[in-house]
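All remarks here apply to the structure that follows.
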Amino acid sequence: MTVDTRLREALDAPSASDRLQAALDAGIRPNPGFVEALVERCAVEPDFSVREMLTWALVRHPAELTVPLLVAEVAGDVTQGRSQALHTLSKIADPAGWTAITSDVLHDPDDSVARTAWRAAAVLAPDAERPALARDLATQLGRGDRSVQQSLSRALATLGVDSAAALEDARAHPDPRVRIHAIATERIIDDPDEAFDSAMFEAERIALGL
């Protein structure tokens, strides 16, 4: 039985604790034969803690082995696989991971994929691409519920000064949701300790002239 087959069987165990241990072991003792099985399991693993351990195990392997498979997974059809692959690429933080960040991914209709793509993009973007990325992300201001908006604000805050022009333009947007979100994001960039809810409250007051 190959190491790949043994790992696949261990990662398919009924018990989440057993699967967690299998992923941990794969990270403690990295093996090139583990990478494909780890990536594939990320797409179907139901337990959050196990998925995080799978990501940790992949981070422990050489980027030249993991990144190409993760980039391919981002382009796949499985929502969880795409989201987890983006998350793992952000943790590996290898520049080659930037190739996974496309406009389609940043504008994905599934919030879980889009949110993870925003975070990954902010980490992986080359310096020359950061202002353009900020402008692309700014087109998503006002999207979704509180958690989605908070994720976007964090991504734009990670880009920092590269977000300034895009956020300034968004302050004049005809949609009040966009204006409020832009102002809240500017507040968080200016004061990283300000809570998101507080920033949104003050942004609403400013945007609506209350």
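Only the coordinates and a few stated rules stand behind these numbers; no lab work does. Bear in mind the structure is a predicted one, so any value in this text is a computation, not a measurement. When we count neighbours, we look across all protein chains shown, and the Cβ atoms used for this are built from the backbone with ideal geometry, even at glycine.
Largest GNM mean-square fluctuation across 132, 121, 63, computed for the chain with C-alpha springs under 10 Å, falls on 132.
At a 10 Å Cβ-Cβ cut-off, how would you order 180, 28, fewest neighbours first?
The most exposed by this proxy come first: 28, 180.
Just checking the listed ones, 88, 116, 99: in the Gaussian network model of the chain with Cα springs under 10 Å, the one fluctuating most is 99. Residue-wise HN-Hα couplings along region 59-74, as the Karplus relation 6.51 cos²θ - 1.76 cosθ + 1.60 with θ = phi - 60° gives them from phi, are 4, 6, 9, x, 4, 5, 8, 7, 4, x, 5, 5, 4, 5, 5, 4 Hz; Gly and Pro carry x. Counting neighbouring Cβ atoms within 10 Å and putting the fewest first, the residues 83, 49 line up as 49, 83. What is the calculated FRET efficiency for residue 107 to residue 193, with r their C-beta to C-beta distance and R₀ = 25 Å, to the nearest 0.05? It comes to 0.25.
Put simply, the C-alpha atoms of region 44-193 give a gyration tensor, and the ellipsoid matching it has half-axes of 28, 16, 13 Å, longest first.
What the Cβ-Cβ distance of residue 24 and residue 75 gives, at R0 = 45 Å and to the nearest 0.05, is a FRET efficiency of 0.95. Work out the P(r) tail for region 129-210: percent of alpha carbon pairs separated by more than 14 Å, whole number. In whole percent, the share of Cα-Cα pairs in region 129-210 beyond 14 Å is 54. By the beta-carbon count within 10 Å of each Cβ, the least crowded to most crowded order of 98, 118, fewest first, is 98, 118.
Each label was represented as a point 7 Å from its Cα along the Cα-to-Cβ direction; for residue 93 and residue 146 these points are 3.0 nm apart.
About the centre of its Cα atoms, the chain shows a dipole size close to 100 debye [charges on the beta carbon of Lys, Arg (+1) and Asp, Glu (-1) only; nearest 20 debye].
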